[in-house]
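Colleague: Can you keep this structure in mind? I'll have questions shortly.
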Amino acid sequence: MGNSGALAAAGKGRDLFDLWRVLTDLHPDEQLIVDGLAHYMREETFSYHELAANLAAKLEHPDFIADLDQLTADSPLRYDVTLATDLIMERLGGRLSGASDLGEIEGGGWRPADTDEPA
């Protein structure tokens with residue numbers, strides 16, 4: 001399924017961290033990631049709106065937010081769960097079917113209005 005599919009299907013913050021790390025450190029071809037996701041998930045591939053709803057719901061769960069804490073002594077430098085979800089939505093979610101304009105996604109614009117802003 002890969003990390004994109006795992007992120008949507010599972011409730012693990014470590015999958016979010018893995019995707020954030022790849023996108024920030026390795027600078028992959030983002031369309032290739034989305035195309036690979038579509039290839040492997042086939043008819044189970046999720047839309048922009050499904051991913052946005054899924055990630056917004058995960059941001060409400062303390063277990064998702066604290067998942068990485070179980071694996072590391074300190075949070076990796078530069079890493080913030082909310083900002084990582086923003087990055088995923090901007091760079092990958094914006095390439096999914098039904099995606100909003102990038103200007104509406106950037107800076108957390110994809111999140112429901114009642115979702116807390118990053119600290």
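The values are calculated or read from the model by the stated rules, or taken from the named source; none is laboratory data. From a predicted model like this one, the values you see are computed outputs, not experimental measurements. Counting neighbours? That spans all protein chains shown, and the Cβs are built from the backbone with ideal geometry, glycine included.
Colleague: Residues that are at pLDDT 90 or above and over 12 Å from the mean Cα position of the chain (by Cα): list the helices (runs of 4 or more DSSP H) wholly contained in the range 1-70 that include at least 2 such residues.
Modeller: Working: elements: 2-9, 13-21, 30-41, 48-58, 62-66.
Helices (runs of 4 or more DSSP H) meeting the threshold: 30-41.
Colleague: Is there any pair linking a residue in the range 84-112 that is at negative phi and crowded, with 19+ Cβ neighbours inside 10 Å to one that is charged (D, E, K, R) and part of a helix (DSSP H, G or I), with Cβ under 7 Å and at least six apart or on different chains, and which?
Modeller: GLU90/GLU106; ARG91/GLU30; LEU92/GLU30; ILE105/GLU90
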